[in-house]
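Report on the following structure.
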Amino acid sequence: MPPKSHQSEYTILAVLGLVTVAALLWMARAGLLREQREGRPGVRTTHSANDDGLLIGYTLCERLGLPVERSNRMLISKELEGVGAVFLIDPLVPVGAAESEDLGLWVARGGVLVTTEVLPGLSPALRTLAKDSPSSPHRPAHPRGEGRFVKVPEEARTLPVARDVATAYFETDAVFRPDRADANTPASGMEPLFTEDRGVRIAQWRVGRGRVLLLSDSSFLANANIAEGDNALLAVNLVSYAQAQAQPTRIVFNEFHFGAGGFGRGIGALGVLLFTTSPGWAVLALTAAGILFLIYQGRQFGPRRDLGRQRRRSKLEYVQAVGATYRAAGAHRLTLRLLYTWFRPQLTSRTGLAAGAPNQLVARELARYGRSRAADYERILDGCDRLLARPAISARQLTGAVAQLARIEKEVLHGSGNGNRPGR
């Protein structure tokens, strides 16, 4: 059992814990507390572990040794140097005209662009496809969980991306239909890479020495769907094919067009983790509870320091100041008498003796509390009595007597002697 003096502290901690848990449960039920790493659902970022994110597929490629990496920069010529393939999947931030132009030049030099967006300036065939392809093919046509499994025909399993893929799961019906003459004639330059019974799901266009790989639906890459059917194999085939066609083989997943500034490092990343994840909320709750408890305890931080005795101003200093006035006028004997008349009753009262107690007895009691011997104290008191018996006292004699009385006052009345305080 804890001591009774601490029972109230444990009670307060328990109450704080219950209040914190209740608040977190209420926030979770009200939808105010959601665990999400990218800050919003429906985003195909490789940082996200949500259903719509691509973190699992990206990690799978890393585990298989594919040279994948992330880029938080714009797709301009300077940032595309040394990059072989770029994945631009369902961007939230539109690709600017300058980026589109630089991408076109980069693809023409041998780059591979894997995207769900038909960008202007890449190829006339793609501009035609943009007019007649299904509206926003990468946007889900069905509520989550109501997609469909598709079978890959035997004759289509020899396509580069479809190898060893028997079934795949997609959330939409968007395809590039072969019967659309304006989008699938030889003049259009479309080459199927993955098809199912209804049409082409992944196709490529040659642009100069490079290629553009267009996805009609990217949902097979999502975390929630990559384990469905042969989606994981389809995703690895797609990345491997892009690497095989690219020179150099460096593969980049673009994060800039998801607002990549939200995925910084240091304090920014720590803030995101604290306020958007369950462990972060737990850390904040425990921190708040600890701070409240410390405030309740009145805790002061810093090294432990012993209590120091604050020296008060000596009353003898006041008496000396008054005596200094008389001494300035040459009244040395009067000065000593004023000091000694005030000082000796202070000694006898502190030692518990009568006011008229002899010096020998007073000195013996003083020796119990001071640092000097009884004989020294007796000599000082007897010396003051002898000086007061004289008709005149010199300034030197007055100064010496006052210094001796000040020493006794410091050692005994001020408590800086041997530690035995009077009255114990």
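Among the residues of the stretch 29-63 satisfying the criterion of being closer than 13 Å to Asp90 by Cβ and acidic (Asp, Glu), which is modelled with the highest pLDDT? Here the answer is Asp52. For the stretch 74-88, which positions are crowded, with 23+ Cβ neighbours inside 10 Å and in a loop (DSSP other than H, G, I, E, B)? Selection gives Leu75 alone. Taking the conditions (1) surrounded by 19 or more Cβ atoms within 10 Å (Cβ to Cβ); (2) at pLDDT 90 or above; (3) under 26 Å from Gly208 (Cβ atoms) in turn, Glu99 satisfies each one other than (2). Within the stretch 387-402, the set of residues being outside any loop (DSSP other than H, G, I, E, B) and closer than 12 Å to Arg333 by Cβ comprises Leu387, Leu388, Ala389, Ala395, Gln397, Leu398, Ala401.
Of the residues making up the stretch 370-386, just one is modelled with pLDDT of 85 or more and not in a helix (DSSP H, G or I), namely Arg373.
The values are calculated or read from the model by the stated rules, or taken from the named source; none is laboratory data. Being a predicted model, the structure only gives us computed values, none of them experimental. Quick reminder, even Gly has a Cβ in these numbers, built from the backbone with ideal geometry, and neighbours come from all protein chains shown.
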